[in-house]
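Notes follow the structure.
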Amino acid sequence: MAGRDLKVQHSPTLRERNFGTLEGKTVAEVRTTLGPGYLKAAESSAGGKTQAGGDLANWTGVPGIETNEEVWVRASVFLREISHEHRGQDVLVVTHGGVLARAVYSVLGIPESMPRHFALTNGLVVILQLKHEIFHLLSLVDYPLAMNGVTTHDTATVKMAD
């Protein structure tokens, strides 16, 4: 980073979900490839709609797409390695929202089938600590909301009555 003596390390293990043969396709191309039955997740994510009983961008069961468990396993391996390498130090890790979502779900023990009652927006800050080989969630901050009083968009899957 400019002006600082910080080492920047790139890792493919922190990439977003692998969409296999759907990688890089538009929603229209996904619709053509998979048919309308599989598009509830993509359309929910793009339109901000809630998928009944599920999360936004819930790709569970779509053939050839990396599962939530696979996303967390590969990301957690990197997080463990960097935690061991920098024991006792703070480390900034920047990654995709899908990886952050999997971290929050895993660390808090939230079942994948549970609708989310909290936002996971762009700019989310998740602070994890590896202690005795177990990840602990120290903080979850919706940075745009904290700084501007508004979030980029509401991504909670279950709307609460006002």
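The values are calculated or read from the model by the stated rules, or taken from the named source; none is laboratory data. Remember, it's a predicted structure, so these values are computed and weren't measured experimentally. Cβ: placed from backbone, ideal geometry, glycine included. Neighbour counts: every protein chain shown.
Considering Pro36, Pro12, the condition of being loosely packed, with under 13 Cβ neighbours inside 10 Å, modelled with pLDDT under 85 and either farther than 24 Å from Gln129 by Cβ or not aromatic (Phe, Trp, Tyr) (or both) is satisfied by Pro36 alone. If I ask for residues that are within 25 Å of Val77 (Cβ to Cβ), out of contact with any Ser or Thr (no Cβ under 8 Å at 6 or more places or on another chain) and not β-branched (Val, Ile, Thr), which ones from the stretch 1-14 would you list? Hits for the stretch 1-14 are Met1, Leu6, Lys7, Gln9, His10, Ser11, Pro12.
Selection of the stretch 104-150 for residues being surrounded by fewer than 17 Cβ atoms within 10 Å (Cβ to Cβ), touching a Lys or Arg at 6+ places or on another chain (Cβ under 9 Å) and outside any strand (DSSP E or B) yields Ile110, Glu133. Note on the stretch 102-117: residues that are closer than 15 Å to Ser76 by Cβ and in contact (Cβ under 8 Å) with a residue 24 or more places away in the chain amount to 7.
Which residues, counting only those in the stretch 72-101, are out of contact with any helix residue (DSSP H, G or I) (no Cβ under 6 Å at 6 or more places or on another chain), among the β-branched types (Val, Ile, Thr) and part of a helix (DSSP H, G or I)? Selection gives Val73, Val77, Ile82.
May I ask you to say which residue of Thr151, Thr50, Thr60, Thr155 is at pLDDT below 80 and touching an Asp or Glu at 6+ places or on another chain (Cβ under 6 Å)? Give the steps one after another, and end with the answer.
Working: Thr50 fails: touching an Asp or Glu at 6+ places or on another chain (Cβ under 6 Å); Thr60 fails: touching an Asp or Glu at 6+ places or on another chain (Cβ under 6 Å); Thr155 fails: touching an Asp or Glu at 6+ places or on another chain (Cβ under 6 Å).
Thr151 is the lone residue from the list that is at pLDDT below 80 and touching an Asp or Glu at 6+ places or on another chain (Cβ under 6 Å).
A count restricted to the stretch 64-103 and to residues that are within 19 Å of His10 (Cβ to Cβ), surrounded by fewer than 18 Cβ atoms within 10 Å (Cβ to Cβ) and at pLDDT below 90 stands at 2.
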